[in-house]
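Notes follow the structure.
The values are calculated or read from the model by the stated rules, or taken from the named source; none is laboratory data. Note that the coordinates shown come from a computational prediction; the quantities given were computed from them, not determined experimentally. Quick reminder, even Gly has a Cβ in these numbers, built from the backbone with ideal geometry, and neighbours come from all protein chains shown. Just so you know, the surface numbers come from the protein's heavy atoms only, side chains and all, with ligands and any DNA or RNA stripped out. Shrake-Rupley method; radii C 1.70, N 1.55, O 1.52, S 1.80 Å.
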Amino acid sequence: SGIHGSKWGLLSRDSLLAFGGKNHNPWEYSAWEIPCFVLLGVIGGALGIAFNAINERITRWRRSWPQGRVRSVLRYIELIGVCLVVGFLSFGIPMVSNRSFCRRKSTDTCSGDEDLVEEYTVQMYCDDGDYDPLATLWFNSPEHAIKFLFYHPSTTDMSSPCNIPAGALVAFGVPYLLCAVVTYGVATPSGLFLPMILSGAAFGRLSGMPFAWLWYEAGIGAASHGTYALIGAAAMLGGVTRMTISLTVIMIETTGSVQLGLPIFLTALAARVTGNLMNEGLYDIHIALQHVPFLPWDPPKWYKSIRACDIMSHNPITVSIAERAGDLLKKLKLYTHNGFPVVVTHKKGQRSRYRRLCGMILRKHLCQ
């Protein structure tokens, strides 16, 4: 990048990594900002630890409810209560803020794609020509809110009206994340990707304000608040799900910028390593809670201290190669095993004998 007339360390120059065609990239960043991205990954991993631990406790509490009709009634009551609380927060928080976060729609002096986000703005209690960023985040669909956080104009001046107010990001990100903890696992289809991307983008944009100002004062910064929002989304999603390569591919596809592969991967890796220090990913936790048969990547640590004979059954129910039909029918009635070992008995001397395993035969084959 320095040879071509740009700043040294600028890794987001157009066509630096592109597979044909013009690669328009609004996500600029420099190599010096990668440590900030990794730090966001560590923070995302810590938030993922707390998110997964709280959701696991809530899920265990839900599974402790009585079975049958009582359980169904309780789940309906919980669903109605969650809907009321989420609705109250969605309308109540922007109403309480009143005009605290109003901004002008016209931001000619700000850098960013103004036309892309102007159609999503919500006026709420603001004057004509103004909009409320907090109401815009709460009242839009998650897809439009994510686009608003990614592409809203920004400057390095933290007090500039071009930026989304820090208070609005906090007033949206914290309650939204708490709602996501409770709603995942409730008795209605509730996703995980969009809530994590949206809450992570809010925290990432909030963290990007001091980072962008710091690097700008040092004269080497290039990333906008939208870039930090994207990195924050990857950090939060990686901290909860513990995905790395697949998460990187997903984020690259959604933004259309291959240059972001390196910072997104490093952020997701930092979030995964940090999160794995305390607990597992949320999907792995729910697989274990629902007792779904799943073979993990690595065996438990206590498996290394036992032998096969420690877990084998003594005096198993077996069948011989030449078994009588009456004996087979008796074993099928007495035992509900899905399969039976097939053994051959050999004599060793006049009194001793031993059996050798030949294979296994399934119950359904014996019943045919």
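Round to the nearest 10 and give me the degree value, 0 to 90, for the angle of helix 166-183's Cα axis relative to the longest principal axis of the chain. Rounded to the nearest ten degrees, it is 20.
Note down the net charge around GLY45, summing +1 for each Lys or Arg and -1 for each Asp or Glu among other residues with Cβ under 10 Å from its Cβ. That sum, taken over residues with Cβ under 10 Å, equals +2. With a threshold of 25 Å on the Cα-Cα distance, the over-threshold entries among LYS330/LYS364; LYS304/LYS331; LYS304/LYS347; LYS301/LYS364 are LYS304/LYS331; LYS304/LYS347; LYS301/LYS364. In the calculated pair-distance distribution of segment 214-344, the portion above 16 angstrom amounts to 76 percent of the Cα-Cα pairs. A compact globular protein would have a Cα radius of gyration near 2.2 N^0.38 Å; the ratio found for the chain is 1.41.
Counting only Cα atoms, segment 81-237 measures 51, 36, 23 Å along its principal axes, largest extent leading. Considering only VAL70, VAL42, VAL85, the Gaussian network model of the chain with Cα springs below 10 Å gives its largest mean-square fluctuation to VAL70.
With angles folded into 0 to 90 degrees, how steeply does helix 225-241 sit against the dominant principal axis of the chain? Use alpha carbons for both and round to 10. Here the helix axis deviates by roughly 20 degrees. Taking the square roots of 5 times each eigenvalue of the Cα gyration tensor of segment 316-368, largest first, gives ellipsoid semi-axes of 23, 11, 9 Å. Applying the criteria of a DSSP loop state and at most 12 other Cβ atoms within 10 Å to the trypsin sites (Lys or Arg not before Pro) of segment 293-357 yields ARG307, ARG324, ARG351.
Ranking VAL319, LEU362, THR345 by Cα position along the charge dipole of segment 285-368, where only Lys, Arg, Asp and Glu carry charges on their C-beta atoms, puts THR345 farthest toward the positive end. Within the shell defined by Cβ-Cβ distances under 15 Å, the residues around PRO94 carry a net charge of 0, with Lys and Arg each +1 and Asp and Glu each -1. For LYS147, the lysines whose Cα falls under 25 Å of its own Cα, not counting residues fewer than eight places away in the same chain, are LYS22, LYS105. Heavy-atom accessible surface of MET312, to the nearest 10 Å², is about 120 Å², with a 1.4 Å probe and all protein chains retained.
Please grab the % of Cα pairs in segment 228-278 that end up more than 16 Å from each other. That tail contains 26 percent of the Cα-Cα pairs. Scattering from segment 178-255 was approximated by placing one identical point on each alpha carbon and applying the Debye formula without solvent; log10 I(q)/I(0) at 0.16 1/Å stands at -0.64. With everything on Cα atoms, drop me the angle between helix 142-151 and the longest principal axis of the chain, reported from 0 to 90° to the nearest 10. Value to nearest ten degrees: 50.
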